[in-house]
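Chemist: Take a look at this one; I'll ask things after.
Computed from the coordinates by the stated procedures, all read-outs in this text should not be read as laboratory data. Remember, predicted model here, so these are calculated numbers, not experimental data. No Cβ is skipped: glycine too gets one built from the backbone with ideal geometry, and neighbour counts run over all protein chains shown.
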Amino acid sequence: MSRWAAHLVALALVTSLLTLSPSAAAGPAHRGSTLRLDPQVLEADGIRTTYAVVGPSAAIPLLLINGTGSPMSQWDPALLAALSRNRRVIVYDYPGLGASAPMTGRLTFDRLAMHAAAMIDGLEYAQADVLGWSMGGFVAQRLAVRFPERVHALILAGTNPGGPRTVLGPEWVQEEDSDADATARGYVLTNYPPGRRDRGWAFIHRVNAAIDEGHFPPDRVPAATYDAMVAAEDPWLASSANLSALQSLSMPVLVITGTQDVVTPPENSRTIAAAIPGARLRLIPHAGHSFLFQEPRPTAHAIEAFLS
């Protein structure tokens, strides 16, 4: 399986019958960023976990929690460069992805939240600002609910609250969520709206260039870990417990997504923001599910403004 086939399976994205030429859409070749992810290792919740830190020292770092099956090497170099300009940013490989050891037993979002809390402890921070994107938003919600003392501020990006009030994307998107043959073309067509799909190909080139040039570590997405993450979504969607628990949150919360997200429609962000006292809702115009990578600098600016 190619790097981007593996990545797109991990993102639970889809293959489309529409025709879009990668070479035509990508434009000229993109050189990688000078930003580097230098992997380090710590024990978190008994799991050997690989992480990387970029940006200046800070009392409160920003912890990024990625989407389904996505290791740290699949964050956008442009986004990381913008976010780390004035603050410490931490990225890591989920258990069983990248160079991190697997989690024994059944994988749940609560267990991934406990692991994230252990990451914060292991790095000797009292608190962290936390951004969770897509499935990472599930983990971030559970982290904030179960370990509120660890979360200084919370950013929920392109995610849903779980339970029957969750609004799912089109049926064909759902049916292809676990397709092992998902492609880069499917990713671009589902994650970026018409007129912005060249930015999806640009993101792919930025990540691949960073890996090829040795600035990012190789990505590794074992099928067993991906399948376990997809399986964890069934109980998440079956229970309203998480949505109810969001009412207890008291830290500052930003809920942010693209107005044209068809993977996790914006109705989910409205539901989350309405459930959390004082939460701010920000919709990025003309942006899809991967708005963080479609509009990396404007989005980083919005996040920085919120955290500041």
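Chemist: If a helix is a whole DSSP H run, which ones in the chain reach 20 Å or further along their own axis (Cα) and hold a mean Kyte-Doolittle hydropathy of at least -1.0?
Modeler: Helices passing the filter in the chain: 197-212, 223-238.
Chemist: OK, next. Using Cβ counts within 10 Å as a stand-in for footprinting exposure, how do 187, 51, 125 rank, fewest first?
Modeler: With the sparsest Cβ surroundings first, the list reads 125, 51, 187.
Chemist: To the nearest 0.05, how large is the calculated FRET efficiency for residue 238 and residue 267 if R₀ is 25 Å and r is the Cβ-Cβ distance?
Modeler: The pair residue 238/residue 267 has a calculated efficiency of 0.85.
Chemist: Taking every eigenvalue of the Cα gyration tensor of the stretch 47-190, multiplying by 5 and rooting it, what semi-axes result, largest first, whole Å?
Modeler: Semi-axes, largest first: 25, 18, 16 Å.
Chemist: Still on this structure, I have one more. Write down, largest first, the equivalent ellipsoid semi-axes of the stretch 3-307 in whole Å, where each equals the square root of 5 times an eigenvalue of the alpha-carbon gyration tensor.
Modeler: Semi-axes, largest first: 25, 22, 20 Å.
Chemist: Classify the stretch 260-308 as rounded, prolate or oblate, taking a ≥ b ≥ c as the square roots of the eigenvalues of its Cα gyration tensor: rounded when a/c is under 1.5, otherwise prolate if a/b is larger than b/c and oblate if not.
Modeler: oblate
Chemist: Additional query: Which one of 191, 238, 34 is farthest out on the positive end of the charge dipole of the chain, using unit charges on Cβ (Lys, Arg +1; Asp, Glu -1) and the Cα centre as origin?
Modeler: Looking along the dipole axis, the top candidate is 34.
Chemist: Right, next: Taking the Cβ of each residue in 295, 267 as the centre, tally the other Cβ atoms inside 10 Å and list the residues starting with the fewest.
Modeler: Listing 295, 267 from fewest to most nearby Cβ atoms yields 267, 295.
Chemist: For every helix of n ≥ 4 consecutive DSSP H residues, a contribution of -39,500 (n - 2.57) applies; sum these over the chain, divide by its total residues, and give [θ] at 222 nm rounded to the nearest 500 deg cm²/dmol.
Modeler: Calculated from helices alone, the mean residue ellipticity at 222 nm is -11000 deg cm²/dmol.
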